[in-house]
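Computed from the coordinates by the stated procedures, all read-outs in this text should not be read as laboratory data. The shown structure was predicted, so the numbers you read here are calculated from the model rather than taken from an experiment. Please note: Cβ atoms are built from the backbone with ideal geometry, for glycine as well, and neighbour counts cover all protein chains shown.
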Amino acid sequence: MPKHIIRHCQATAGLAVELAEKIAANGIEVNVDFVHRACLLHDIMRVCDFKKPLEHIFDSPADAEDLQKWRELSERYKGIRHEQAGYEFLKDKYPEIALAIKKHAYNALLEKENCPQTIEEKLVYYADKRAMHDKIVPLAERLEEGHRRNEQKNCQNKLNVQYVDSLIFELEKELFQLAAER
């Protein structure tokens, strides 16, 4: 994975694990190790979404071998979003992690099949929505940034971002209630 994506995955994992540990401390069953692993891998196929040539998107130089691997993966999963590509890439060896990765797409809350169901899946989804690059920011700030970046795509898909955002804020409330000290 490119270094900036690794940093994003690490930030995502930090928040998700913190919440998972608080939830577990309240006596609620949650697999903290699973949350950590799934977050570290959630953008494993992010290179599939890049539109620019790979050489021009990184904040630090990538070596020729990495660039070639990323090009091959991008070609292999061409036309497939990174969430689905990550699922396809991992499903045979790590089916549960693959499923959590598949369910972290922004619009997954609208889709019965892809909506996060378990606490672990919800933590992966939510923490990703709070991680702006490698920083954890307030949910509203992160969603606004994502909307600016994806405005054209959201319009093309006729996605009701206000409704999706409201579902994400509901999820935040649910997770914070589970994590609250008792």
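Note on the chain: along the principal axes its Cα atoms extend 52, 35, 30 Å, ordered by decreasing extent.
Could you give the length gained on full extension between Arg182 and Glu144, defined as 0.36 nm per residue of separation minus the Cα-Cα distance, in nm? This chain segment gains 10.4 nm when fully extended. Pairs exceeding a 22 Å alpha-carbon distance, out of Lys112/Lys135; Lys69/Lys103; Lys129/Lys173; Lys22/Lys129; Lys78/Lys129; Lys91/Lys112: Lys112/Lys135; Lys69/Lys103; Lys78/Lys129. Placing +1 on each Lys and Arg Cβ and -1 on each Asp and Glu Cβ, with no other charges, gives the chain a dipole about its Cα centre of roughly 420 debye.
Under the membrane-span-like helix rule (DSSP H runs whose alpha carbons stretch at least 24 Å along the helix axis, mean Kyte-Doolittle hydropathy -1.0 or higher), the chain yields 3-25, 161-179.
Under 5 Å between amide hydrogens, built in the peptide plane, is the criterion, and for Met132 it picks out Val137 among residues at least 5 positions away or on other chains. Residues considered: Glu111, Glu121, Glu18. Largest GNM mean-square fluctuation over the chain, using C-alpha springs under 10 Å, is found at Glu111. With a cut-off of 20 Å, note down the residues of segment 163-182 whose backbone N falls inside the zone around a label point 7 Å from the Cα of Asn26 toward its beta carbon. It comes to 167-182, nothing else. Taking 7 Å steps out from each Cα toward its Cβ at Ile136 and Gln117 produces label points 2.8 nm apart.
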